[in-house]
1. Would you be able to say whether some residue in the range 89-103 is modelled with pLDDT of 90 or more, assigned to a strand (DSSP E or B) and farther than 16 Å from Ala15 by Cα?
2. Tally the residues that are among the aliphatic types (A, V, I, L, M) and either surrounded by fewer than 12 Cβ atoms within 10 Å (Cβ to Cβ) or in contact (Cβ under 8 Å) with a residue 60 or more places away in the chain (or both), restricting the search to the range 72-98.
3. Would the range 55-62 turn up any residue that is closer than 18 Å to Ala104 by Cα and modelled with pLDDT under 95?
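The values are calculated or read from the model by the stated rules, or taken from the named source; none is laboratory data. Predicted model, so just to flag it, every value in this text is computed and none were measured. Quick reminder, even Gly has a Cβ in these numbers, built from the backbone with ideal geometry, and neighbours come from all protein chains shown.
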Amino acid sequence: MRVLVWVVEGTWEAAVDAARGLPADEITLLHVVPDAVAAAPRGFMEGLLGRSRGRGGRTQVEALAGRAAGELLESAAERLGGDPVLRSATGRAEDVVLAAAEDADVLVVARDGPDGDPPPHEPHRPPPAARAASAPAARAASAAAT
């Protein structure tokens with residue numbers, strides 16, 4: 001079984017721990033540097049007056065992002081143990097991860113945020129008990145308005 005683990009700052013430990021228990025033949029640790037990180041220096045450099053300053057800022061940010069991704073992947077590999085495949089990519093995270101997941105049997109991800117928060121792309125809904133408690137009040141308000 002091929003396992004792909006999406007390694008993200010803040011949640012990588014949970015994802016790696018979850019992958020450690022899987023009966024995998026191959027584990028790939030993937031970290032994605034968002035396009036916006038690499039493009040940020042271009043935006044502020046274009047706002048400066050005067051001569052062109054070249055690509056210095058962008059190159060430095062790309063190097064720092066690459067170094068941070070490498071350190072994160074190394075930490076994740078050490079925590080996982082064994083000999084995982086390490087991959088770092090730049091792009092829109094969802095696109096990169098989905099493309100990489102095409103070759104995997106299992107995708108391991110971990111999300112951050114409090115347990116009560118809705119998952120991404122799910123509209124916020126109060127817990128069932130809160131909805132039931134607020135329903136009579138909503139009906140009363142509606143009746144009073146008519």
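1. Checking the range 89-103: at least one residue is modelled with pLDDT of 90 or more, assigned to a strand (DSSP E or B) and farther than 16 Å from Ala15 by Cα.
2. Total satisfying the criteria: 8.
3. No.
Conditions (1) at pLDDT below 90; (2) farther than 25 Å from Glu62 by Cβ, marked per residue:
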| position | (1), (2) |
| --- | --- |
| Met1 | no, yes |
| Trp12 | no, no |
| Ala18 | no, yes |
| Gly21 | yes, yes |
| Asp25 | no, yes |
| Val33 | yes, no |
| Val37 | yes, no |
| Ala40 | yes, no |
| Gly43 | yes, no |
